[in-house]
Amino acid sequence: MSLALAAVTALFGGGALPAQATSAAADLLSQGKPVTASSVENATTPAAAAVDGNATTRWATAFSDPQWLQVDLGASATLSQAVLNWEAAYARAFQIQTSGDGVTWTTVYSTTAGTGGTQTLSLTGTGRYVRLYGTTRATPYGYSLWEFQIYGTLGGGNPGGTIPDPTIQSLEATNGPLTTSAYTVPSPSGYRAGTITYPTAAGSYPGVILMPGYQGTQQNLSWLGPRLASWGFVVLNVDTNTLTDSPDQRGTQIRAAGTQLINLSNATGNPVSGKVNGTLGVSGHSMGGGGTMVALRDDTRFRAGVPLAPYHPSGSFAAVAKPTFFLTCASDVAAPGSTYARPWYNSMTQAEKLYIEVPGDHLCPMTGYGNKAKQGKWIVSFFSRWLRNDTRFTPFLCGTQRDADKNNTSLVTQWTDTCPF
């Protein structure tokens, strides 16, 4: 087979082959989350309008004091900021309160001199529930908000104390410490099919979307889903709408899969109910890696990504500021790292980054190819560090535990990073 034909086969025939900060940046946590309120003025001003991301819809209350709006973030979060975009009917006196159970509240901000307009408030506190509690109206009308936005970091650390300290041996094993189970998505929305692998232990975890390459299926990354789940992630491995979908279309489907994963967690009556803490990551191969970059660039919910031998013929990703791990293949003639991943890496000046090139062709990250002990160790460690802020995994990417891999030329042909994270 000629080199050119090999490139086309690797890129377009994958599915037919065998198988600057030291903590995660603050994210918008409240948008689209479940919300309740003390009252609404009428059916056109519901509580959900305050967290729908649309600055032309609003929540408004009855014309009385006090009134409140409560958002369920889905998991405990460390809060950093609230942004209140008031309509003309604003609060003169109000509090921002947090709670772990929705019953007992702690005040983290209070004022009796509210100004209306758009107020950006610094917060220090934690909680799953956040409440705006208004006590004095500035007008004869009720309270009315175009948007109520809460920023911070979901989760963090070791979920429920269930994950033991990682070691080289445990991270290079096929399975991590948690028992997992699988669930077929009953009615996929925005993509063709999906399988969720999740920890059976109690608690909530970050979600990760897996996206195959051109002509690929879930089988392409079937090795990675159970491995991540056994280390404390809820993983949705998807099939695309068609086998020929472009990287941009795959990015759109990644976003749709993330939305459905969170919706399933927020719903009842399914195995992953309550399992996802609202934090999302993404990993994809080839054109799925290009889609990974699109999702990181365009969707604030995705906080970290691992593009695998990524391909996008016209992608511009300098604006990506999320932690990103590029895994590329030294003999890849379909999506050479020097053509795609490396220029993207160099352009992303605001992101924590990792670039590892390993021996193999374009298929090296797929099921049945490459060194899965090492690949799995690095990917699990990267997502654990950046989706859970679990610094116990940092030494395997930045530090003495890393050096044996980084300096082994038979294992790694290029290694570049932004250490120390």
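The values are calculated or read from the model by the stated rules, or taken from the named source; none is laboratory data. A quick note: this is a predicted structure, and the numbers were derived from the prediction, not measured. Here the Cβ is made from the backbone with ideal geometry for all residues, glycine too, and neighbour counts use every protein chain on show. Heads up: the accessible areas ignore ligands, DNA and RNA and are worked out on the full protein's heavy atoms, side chains in. Shrake-Rupley method; radii C 1.70, N 1.55, O 1.52, S 1.80 Å.
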- Answer yes if at least one residue in segment 351-362 is in a loop (DSSP other than H, G, I, E, B) and under 18 Å from the mean Cα position of the chain (by Cα), and no otherwise. yes
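Determine whether residue 397 is among the aliphatic types (A, V, I, L, M) and over 25 Å from residue 343 (Cβ atoms). First the steps, then the outcome.
Values: among the aliphatic types (A, V, I, L, M): yes; over 25 Å from residue 343 (Cβ atoms): no.
So residue 397 does not fit the description; no.
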Scanning segment 162-201 residue by residue, those closer than 15 Å to residue 265 by Cα, outside any strand (DSSP E or B) and open to solvent by less than 40 Å² (accessible area, probe 1.4 Å) turn out to be 185, 201
Residues in segment 274-297 that are modelled with pLDDT under 95, under 29 Å from residue 329 (Cβ atoms) and charged (D, E, K, R) total 0
Taking first residues from segment 19-43 that are over 21 Å from residue 77 (Cα atoms) and at pLDDT below 65 and second residues anywhere that are crowded, with 16+ Cβ neighbours inside 10 Å and of a type outside the set (Phe, Trp, Tyr), the pairs with Cβ under 6 Å that are 6 or more apart or on different chains are 19/219; 19/367
Quick check on segment 252-273. Is at least one of its residues under 28 Å from residue 331 (Cα atoms), out of contact with any Cys (no Cβ under 9 Å at 6 or more places or on another chain) and basic (Lys, Arg)?
no
Restricting attention to segment 279-297, does a residue exist that is among the basic types (Lys, Arg), surrounded by fewer than 24 Cβ atoms within 10 Å (Cβ to Cβ) and in contact with an Asp or Glu (Cβ under 6 Å, 6 or more places away or on another chain)?
no
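Select from segment 59-74 the residues that are within 31 Å of the chain's Cα centre (by Cα) and open to solvent by less than 10 Å² (accessible area, probe 1.4 Å) and write down the one among them that is modelled with the lowest pLDDT. Walk me through it before giving the result.
Of segment 59-74, the ones within 31 Å of the chain's Cα centre (by Cα) are 59, 68-74.
Narrowing further to those that are open to solvent by less than 10 Å² (accessible area, probe 1.4 Å): 59, 69, 71, 73.
Numbers: 59: 97, 69: 97, 71: 95, 73: 87.
Among those residues, the one meeting the criterion is 73.
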Worksheet item: Being open to solvent by 30 Å² or more (accessible area, probe 1.4 Å), in a loop (DSSP other than H, G, I, E, B), closer than 23 Å to residue 205 by Cβ and modelled with pLDDT under 95, is that true of even one residue in segment 402-421?
Response: no
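Going by the conditions given, is residue 216 on the phi > 0 side of the Ramachandran plot and in a loop (DSSP other than H, G, I, E, B)? Even if it seems obvious, please write down each step before you answer.
Working: on the phi > 0 side of the Ramachandran plot: no; in a loop (DSSP other than H, G, I, E, B): yes.
Judged against the criteria, residue 216 is not a match.
Of all residues being small (Gly, Ala, Ser) and more than 18 Å from residue 255 (Cα to Cα) in segment 208-239, which is surrounded by the most Cβ atoms within 10 Å (Cβ to Cβ)? Just the residue, please. Explain how you work it out, then say what you get.
Step one: filter segment 208-239 for residues small (Gly, Ala, Ser), giving 213, 216, 222, 225, 229-230, 232.
Filter once more, so that each one left must be more than 18 Å from residue 255 (Cα to Cα): 216, 222, 229-230, 232.
Working: 216: 26, 222: 19, 229: 25, 230: 21, 232: 28.
The qualifying residue surrounded by the most Cβ atoms within 10 Å (Cβ to Cβ) is 232.
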Taking first residues from segment 273-285 that are farther than 18 Å from residue 322 by Cα and second residues anywhere that are among the β-branched types (Val, Ile, Thr) and part of a strand (DSSP E or B), the pairs with Cβ under 7 Å that are 6 or more apart or on different chains are 275/234; 276/234
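Please verify whether residue 125 is part of a loop (DSSP other than H, G, I, E, B) and either modelled with pLDDT under 90 or open to solvent by less than 50 Å² (accessible area, probe 1.4 Å) (or both), treating the condition exactly as stated.
Spelling it out, it is not the case that residue 125 is part of a loop (DSSP other than H, G, I, E, B) and either modelled with pLDDT under 90 or open to solvent by less than 50 Å² (accessible area, probe 1.4 Å) (or both).
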Only one of (1) of a type in the set (A, V, I, L, M); (2) modelled with pLDDT of 95 or more; (3) open to solvent by 10 Å² or more (accessible area, probe 1.4 Å) does not apply to residue 304, and that is (3)
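So in segment 96-119, with the set limited to residues that are open to solvent by 50 Å² or more (accessible area, probe 1.4 Å) and assigned to a strand (DSSP E or B), which one is modelled with the lowest pLDDT?
So in segment 96-119, the residues open to solvent by 50 Å² or more (accessible area, probe 1.4 Å) come out as 100-101, 103-107, 109-110, 112-113, 115, 118.
Now restrict to residues that are assigned to a strand (DSSP E or B): 106-107, 109-110, 118.
Working: 106: 89, 107: 93, 109: 96, 110: 95, 118: 94.
Once the filter is applied, the top-ranked residue is 106.
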When every residue in segment 246-257 that is open to solvent by 10 Å² or more (accessible area, probe 1.4 Å) and charged (D, E, K, R) is compared, the one nearest to residue 74 (Cα to Cα) is 255
Residue 268: passes all of (1) among the hydroxyl-bearing types (Ser, Thr, Tyr); (2) at pLDDT 95 or above; (3) open to solvent by 10 Å² or more (accessible area, probe 1.4 Å); (4) more than 16 Å from residue 388 (Cβ to Cβ) but (2)
Across (1) outside any helix (DSSP H, G or I); (2) modelled with pLDDT under 95; (3) open to solvent by less than 30 Å² (accessible area, probe 1.4 Å), residue 386 clears everything bar (1)
